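The values are calculated or read from the model by the stated rules, or taken from the named source; none is laboratory data. Keep in mind it's a predicted model, so treat the numbers as computed, not measured. Ideal geometry is used to build each Cβ from the backbone, glycine not excepted, and the neighbour counts take in all protein chains shown. The area values use the complete protein model at the heavy-atom level, side chains included, leaving out ligands, DNA and RNA. Shrake-Rupley method; radii C 1.70, N 1.55, O 1.52, S 1.80 Å.
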Number of protein chains: 6
Amino acid sequence: MTEITRADGRNIDDLRTVTIERGWNNQAEGSALVSFGNTRVLCTASFTNGVPRWLTGKGKGWVTAEYAMLPRATNSRNDRESVKGKIGGRTHEISRLIGRSLRAVVDTKALGENTIVIDCDVLQADGGTRTAAITGAYVALADAIEWGRRKKFIGQKSQVLIDSVAAVSVGIIDGEPMLDLAYVEDVRAETDMNIVVTGRGLFVEVQGTAEGAPFDKRELDALLELGVAGCADLRDFQIAALAEGDEASA
Amino acid sequence: MTEITRADGRNIDDLRTVTIERGWNNQAEGSALVSFGNTRVLCTASFTNGVPRWLTGKGKGWVTAEYAMLPRATNSRNDRESVKGKIGGRTHEISRLIGRSLRAVVDTKALGENTIVIDCDVLQADGGTRTAAITGAYVALADAIEWGRRKKFIGQKSQVLIDSVAAVSVGIIDGEPMLDLAYVEDVRAETDMNIVVTGRGLFVEVQGTAEGAPFDKRELDALLELGVAGCADLRDFQIAALAEGDEASA
Amino acid sequence: MTEITRADGRNIDDLRTVTIERGWNNQAEGSALVSFGNTRVLCTASFTNGVPRWLTGKGKGWVTAEYAMLPRATNSRNDRESVKGKIGGRTHEISRLIGRSLRAVVDTKALGENTIVIDCDVLQADGGTRTAAITGAYVALADAIEWGRRKKFIGQKSQVLIDSVAAVSVGIIDGEPMLDLAYVEDVRAETDMNIVVTGRGLFVEVQGTAEGAPFDKRELDALLELGVAGCADLRDFQIAALAEGDEASA
Amino acid sequence: MTEITRADGRNIDDLRTVTIERGWNNQAEGSALVSFGNTRVLCTASFTNGVPRWLTGKGKGWVTAEYAMLPRATNSRNDRESVKGKIGGRTHEISRLIGRSLRAVVDTKALGENTIVIDCDVLQADGGTRTAAITGAYVALADAIEWGRRKKFIGQKSQVLIDSVAAVSVGIIDGEPMLDLAYVEDVRAETDMNIVVTGRGLFVEVQGTAEGAPFDKRELDALLELGVAGCADLRDFQIAALAEGDEASA
Amino acid sequence: MTEITRADGRNIDDLRTVTIERGWNNQAEGSALVSFGNTRVLCTASFTNGVPRWLTGKGKGWVTAEYAMLPRATNSRNDRESVKGKIGGRTHEISRLIGRSLRAVVDTKALGENTIVIDCDVLQADGGTRTAAITGAYVALADAIEWGRRKKFIGQKSQVLIDSVAAVSVGIIDGEPMLDLAYVEDVRAETDMNIVVTGRGLFVEVQGTAEGAPFDKRELDALLELGVAGCADLRDFQIAALAEGDEASA
Amino acid sequence: MTEITRADGRNIDDLRTVTIERGWNNQAEGSALVSFGNTRVLCTASFTNGVPRWLTGKGKGWVTAEYAMLPRATNSRNDRESVKGKIGGRTHEISRLIGRSLRAVVDTKALGENTIVIDCDVLQADGGTRTAAITGAYVALADAIEWGRRKKFIGQKSQVLIDSVAAVSVGIIDGEPMLDLAYVEDVRAETDMNIVVTGRGLFVEVQGTAEGAPFDKRELDALLELGVAGCADLRDFQIAALAEGDEASA
């Protein structure tokens, strides 16, 4: 599986260079600037004591996410959604995906009546922005939860995070399944899949789309296998970032 | 797999009662009122000669879709998106899914510089509205293409449809994979998956989400198997509807 | 008055074929699919215990209506108002007309602090959509009130409906007053009038507009006479639908 | 009919004090500040050579109107529609009524491919704002047409205005039909009607609404008679204003 | 400094003809129709007992302003912001400036928990609309405060207004500083400055912008001197209007 | 002037730590991540050949700017303007200020029919975001112009930038004029002023606002002096950044 070399010299099962700069924003309760190659996403987690009205009194917390792209994150400038006065379908869809992915590893009862909003703003885009966002958002979320614990909004023994979560894109290009597509690969992919996997290796989301020809079960299995392995690597980056961070804030 | 009985008496691998009333709307170039049990979606296909500006002169056509729900399709009334002044994330997401699913079986070169807009309006909702919409939209699309052929906008020998497409939901309830979830089942599902499959049995979209606990590969495989079988049944309903229709319009 | 024959063979004082399918939607507290010829409107009535804030504590209920058209109800497709992000003047105007017409026959004190929202969605349009909507909405409203009574939100002896209400269009074409204009007639009409009349034969709304030459008192009188007779016929269809319905739900 | 005296001392068939200050705005091609008692509406007519794209090349002109109210025209302040981000149903409805009323007396062929937009902004409101707007808008329109003629955009002999048009409200209060309702009367009226009548005494619009009990034919006739007489008086004010104006601009 | 004569015959340090018609609107608690030459702005002040939620319980009042232009205030018609569905940057900016300028002379503690909203609607525009608006708004504000005192919402001895405030534009044209620019001057100005000055001669706002070449300290000083003198003259007009007004309302 | 020490230990005429990371974004034709202490703004310049329709054929280019803040740039989270569906007044006002400031140093004829859009996105806010944005935007603009020159969209000898431009805030706190206010200072300032100055020391914008007591000429002069000196220092940072950059890209 490793003989094909990609535009940027990677093997087909290689992630791009991954970095997670924890605490990049000094205003938020948790934050991370995550890079998957040239894709760079700033994730901030805002902790608020209390929950939206529709959840009040149920003893449960709420985690939600908003994704957006700066106008010049991409190769040509896009009009701002604030200027257009409405949010596009793609933005909505990705925000919802990030929120669901994070909630899958949160015990909202243990969180208590607190709200965490994760903002994922793409500063530079080169493919895989939603998967980088989920991967970085988990780190910001973990820090915001610790902040809430230090401030006594969350019980000292409450285990809010029941697992970790990371995400990666996979796709089939010229018939070959590949991991973590850069933009030039993404536009050529026949099939494009985003996979969200927990630290324990279970699926949270599997979203595969035939961009060109429909795909069969064998191809689907190959993509899933690549993606699960990629997420396991991302989990190590998350663990390392959170370990450093602990020292930093100590 | 068939001993468990569901709330409505179905086996776990049974579709609900499916009906496709072709030509229900007499204004559109193609239309179908599709029912999956109590879910009822009106699909209309509007054919226009010409393409949006960004496609002009490329010799290719365009197929797109818009999904919406009447305010009282559901058990309690929802405010209209026109009144709220913006379209929700869920609506956007489903519209995009339907459009992608249909384009996967269309040869846009063979379509020529023509545009087909498919509107899928949910008149009554009981789970699986997006999958019913895709299944009905295919029938409306097929009729609109025939209309374009009769009107000479499409060449007599152009094979615009390279395959058929249908969709169904599957999910895991109490640990058991089940086909075509009704609303009461959908809300209880631990994992929820929408599968879009062509007439030849290939995947166009696979969208699985862990609503409760994350799922493993074995569960994923079971769901895919159920969904592929369900889509094959739906394909037979589509074929029957289009056969009748041909006589009707003859 | 009966020698002129119209495009569809009707006499000038004939309604088109009228059907009222009560209970077409199984989610709403009241519903009717009403047809005036090829015009088809789905009316649903949503009953909620309680009233908007501005009415709270006054011991009165509220009845309101929203009218909309599916994008392909008409001969060529119209953009969705939800996509445009705003509701057009015509939509607003008709929604307000339907709401006023229904409130004219409702004793809001007898209704108690309950709210009924009537949605009138035009599935297919061929002229007279607002008059068909009012006529069908009355049936949906009557059923929603009965639902409220069964659920004890309304007193057993409260007479909420003080009369029935129906509506029809009339117009002058080639100098001749005609009843219940189809779309091809409507566009040719010199004068166009919508008349809303109670079961007892009193006027709720009279909206006459000179589309071509202004009209005189004699023409106005002729139109009013035709419209009142048409509404009396529509009232019989309403009575029949509600009678059937009673048996059906018994 | 003249023994009942109203709150402001008028007889039931009296207009309030009417003034029409022609040319109040020195930027517009035509303008009038019209008062019906304390109701004060600034009407400006903007003349543009050319027509909207959908009319181009048809040799016809276009006349349209926009109605709005200043936030503190009324007794308590209303939020601006620009701030709310959308135009209310009432505003839309009245704008459409004014536009239709003016077009009823315009020969768009004689106008040629020119556009006139009439803005009617209510500076102070005390009932009857839409009828005052129509009455003043006619004067602004007449001046804008003369401006177009002087600038040679309209042929010297083209008779663009085929009649004049004015409007007045009538209503039934305590069972008594009355002319030109002030706000305190308007809120008490059982039936409320707006009548738009040409200089020759023909109807352009008749919009009657039962606010309380439905009305019968005899009441309708009484209201129409009062309204036609009121419009004839308003026509005299229009003629006087335009006569003065001619001298003023001479 | 007085040898240069301007298009309208003024000296460079002359204001245009200023008029302030107090109480022009009979609905508002305070109002003024202010003219700076052909610029005409209707200012109304709406007094409400109570404050916005975010201020509740702090014992302080709130003063805010909204600025807008009628579509045909200017030489060619502008689309309404209500129709466009959003407020432009210029409108926002001027509304904020007016609000800040008024608050600078209000003791919000003395005002008590009351809200005054000032609407400044430009009926006719010929340069300097924001400065005319501030100057007129002060008069409307003063009257609304007196109204609040008469109604006992404000204590008899509370000194709510700690100073008066007026504003004027100044600019450099062909190298020459000039006072109170008319539109034809404004578009030619190299530097444009709006100066808001209290009755005691102190600055509330200084907003200078290089439209052409940047300016130096000497030019800035010359403009400030002209503006301060102009505001002193405007203060006399305000005093005169408020004096008259007192008699009028007595 | 240097004895008072501020919260962060600065003298009253000290800037905070200033950094300008040129080329931070690799997608844009010019970019800079600028920091004034904890205020961090990402400025990107997007170069497009061609101009907006209203400028076409005039032989001139166009430079404009958009300012925005990430939701968690500030101490507590703000809702996104894209989610609210409209841009606030403050955002509009600052975008306009940045655009005007940059245009003041651009010769649009020398730029030719090219458009440069500068996006200034505040990633972290601690006072002075608009002045940091202007200062960084100039660097991004300079690079985008060089890009246009290399790509031959701009003539090799065209001198597009006729000067440099920088901006700084000044304010009076406890009666003392101070340079470059951090957020904690900004909220306490009695007078707040933003000054935009060219490299040659001329004023482009002077915007002074009395937040508390109005200010006099002497205070105004002291603030201007501080601001001019601060802008001269910022100009040195810009020169240094652009010098480095040249080597980097060489």
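Taken together, the residues in segment C:199-230 that are under 13 Å from C:Thr131 (Cα atoms) and in contact (Cβ under 8 Å) with a residue 40 or more places away in the chain amount to 5. Under the condition of being open to solvent by less than 40 Å² (accessible area, probe 1.4 Å) and either within 7 Å of chain A (Cβ to nearest Cβ) or in a strand (DSSP E or B) (or both), the residues counted in segment B:209-218 number 4.
For segment D:149-166, the set of residues classified as within 15 Å of the chain's Cα centre (by Cα) and not acidic (Asp, Glu) consists of D:Ser164, D:Val165, D:Ala166, listed by residue number.
Taking the criterion of being touching a helix residue (DSSP H, G or I) at 6+ places or on another chain (Cβ under 6 Å) and either within 14 Å of chain B (Cβ to nearest Cβ) or of a type outside the set (Val, Ile, Thr) (or both), the residues of segment C:118-136 that qualify are C:Ile118, C:Cys120, C:Val122, C:Asp126, C:Gly127, C:Arg130, C:Ala133. Considering (1) within 14 Å of chain C (Cβ to nearest Cβ); (2) open to solvent by 30 Å² or more (accessible area, probe 1.4 Å); (3) β-branched (Val, Ile, Thr), the lone condition that D:Val106 does not fulfil carries the number (2).
Within segment C:85-116, the set of residues being on the phi > 0 side of the Ramachandran plot and touching a residue at least 12 places away in the same chain (Cβ under 8 Å) comprises C:Gly112 only. Entry remark, segment B:167-188: residues being under 21 Å from the mean Cα position of the chain (by Cα) and not in a strand (DSSP E or B) number 8 in total. Residues in segment F:224-250 that are open to solvent by 20 Å² or more (accessible area, probe 1.4 Å), at pLDDT 95 or above and within 30 Å of F:Ile145 (Cβ to Cβ): F:Val228, F:Ala229, F:Ala232, F:Asp233, F:Arg235, F:Asp236, F:Phe237, F:Ile239, F:Ala240, F:Leu242. Figure legend. Inter-residue proximity from segment A:142-166: first residues assigned to a loop (DSSP other than H, G, I, E, B), second residues open to solvent by 70 Å² or more (accessible area, probe 1.4 Å) and at pLDDT 95 or above, beta-carbon distance below 7 Å, spacing 6+ or different chains. Indicated pairs: A:Phe153/A:Asn49; A:Asp163/A:Arg200; A:Ser164/A:Arg235.
Sort out which residues of segment A:7-28 are assigned to a loop (DSSP other than H, G, I, E, B) and surrounded by 18 or more Cβ atoms within 10 Å (Cβ to Cβ), and write them in order of number. If the condition is that a residue be assigned to a loop (DSSP other than H, G, I, E, B) and surrounded by 18 or more Cβ atoms within 10 Å (Cβ to Cβ), then A:Arg10, A:Ile12, A:Leu15, A:Arg16, A:Gly23, A:Trp24, A:Asn25, A:Gln27, A:Ala28 are the ones that fit.
So, D:Gly201, is that one open to solvent by 10 Å² or more (accessible area, probe 1.4 Å), assigned to a loop (DSSP other than H, G, I, E, B), closer than 22 Å to D:Leu234 by Cα and in contact with a helix residue (DSSP H, G or I) (Cβ under 8 Å, 6 or more places away or on another chain) or not? Here the answer is yes, as D:Gly201 does meet what is asked. Just one of the listed residues (F:Val160, F:Val206) is open to solvent by less than 40 Å² (accessible area, probe 1.4 Å) and closer than 19 Å to F:Gln238 by Cβ, namely F:Val160. When residues in segment C:117-155 are screened for being under 22 Å from B:Val122 (Cβ atoms) and of a type in the set (A, V, I, L, M, F, W, C), 11 of them pass.
So that you can scan it fast, the table gives a plain yes or no per residue for (1) closer than 23 Å to B:Trp24 by Cβ; (2) touching a Gly at 6+ places or on another chain (Cβ under 6 Å):
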position: B:Thr91; (1), (2): yes, no
position: B:Leu102; (1), (2): yes, no
position: B:Tyr138; (1), (2): yes, no
position: B:Trp147; (1), (2): yes, no
position: B:Lys152; (1), (2): no, no
position: B:Asp163; (1), (2): no, yes
position: B:Val168; (1), (2): yes, yes
position: B:Pro177; (1), (2): no, no
position: B:Val187; (1), (2): no, no
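Identify the single condition in (1) more than 27 Å from E:Ala213 (Cβ to Cβ); (2) surrounded by fewer than 21 Cβ atoms within 10 Å (Cβ to Cβ); (3) within 11 Å of chain E (Cβ to nearest Cβ) that F:Asp221 does not satisfy, given that it satisfies every other one. If we test F:Asp221 against (1) more than 27 Å from E:Ala213 (Cβ to Cβ); (2) surrounded by fewer than 21 Cβ atoms within 10 Å (Cβ to Cβ); (3) within 11 Å of chain E (Cβ to nearest Cβ), just (1) comes out false. Of A:Ser31, A:Ser101, all but one fail to be hydroxyl-bearing (Ser, Thr, Tyr), crowded, with 23+ Cβ neighbours inside 10 Å and more than 29 Å from F:Gly127 (Cα to Cα); the exception is A:Ser101.
To keep it simple, each residue is scored yes or no on (1) within 11 Å of chain B (Cβ to nearest Cβ); (2) among the polar types (S, T, N, Q).
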position	(1), (2)
A:Gly57	no, no
A:Val83	no, no
A:Ile94	yes, no
A:Ile98	no, no
A:Thr115	no, yes
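Answer with yes or no whether F:Thr39 is among the polar types (S, T, N, Q) and open to solvent by 20 Å² or more (accessible area, probe 1.4 Å). No. Residue pairs whose Cβ atoms lie under 9 Å apart, sitting 6 or more positions apart in sequence or on different chains, and linking a residue in segment C:117-135 that is at positive phi and at pLDDT 95 or above to a partner that is acidic (Asp, Glu) and not in a strand (DSSP E or B), are C:Gly127/C:Asp180; C:Gly127/C:Glu185; C:Gly127/C:Asp186; C:Gly128/C:Asp180; C:Gly128/C:Asp186. Look through segment C:163-182, keep the residues that are within 14 Å of chain D (Cβ to nearest Cβ) and of a type in the set (A, V, I, L, M, F, W, C), and return whichever of them is surrounded by the fewest Cβ atoms within 10 Å (Cβ to Cβ). Out of the qualifying residues, it is C:Ile172.
Taking F:Val51 as the residue in question, decide whether it is open to solvent by less than 50 Å² (accessible area, probe 1.4 Å), among the β-branched types (Val, Ile, Thr), closer than 23 Å to F:Leu161 by Cβ and assigned to a loop (DSSP other than H, G, I, E, B). For F:Val51, the condition - open to solvent by less than 50 Å² (accessible area, probe 1.4 Å), among the β-branched types (Val, Ile, Thr), closer than 23 Å to F:Leu161 by Cβ and assigned to a loop (DSSP other than H, G, I, E, B) - is met. State which residue is most open to solvent (accessible area, probe 1.4 Å) when the search covers only segment F:61-98 and only residues that are touching a Leu at 6+ places or on another chain (Cβ under 7 Å) and more than 20 Å from A:Thr115 (Cα to Cα). Ranking the qualifying residues of segment F:61-98, first place goes to F:Trp62. For A:Val196, the criteria (1) within 14 Å of chain B (Cβ to nearest Cβ); (2) modelled with pLDDT under 95 hold in every case but one, which is (2).
Checked against (1) more than 14 Å from every other protein chain (Cβ to nearest Cβ); (2) open to solvent by 10 Å² or more (accessible area, probe 1.4 Å), F:Ile154 passes all but condition (2).
Looking only at segment F:6-18, decide whether some residue is among the charged types (D, E, K, R) and within 13 Å of chain E (Cβ to nearest Cβ). Looking for residues that are among the charged types (D, E, K, R) and within 13 Å of chain E (Cβ to nearest Cβ), one finds none in segment F:6-18, hence no.
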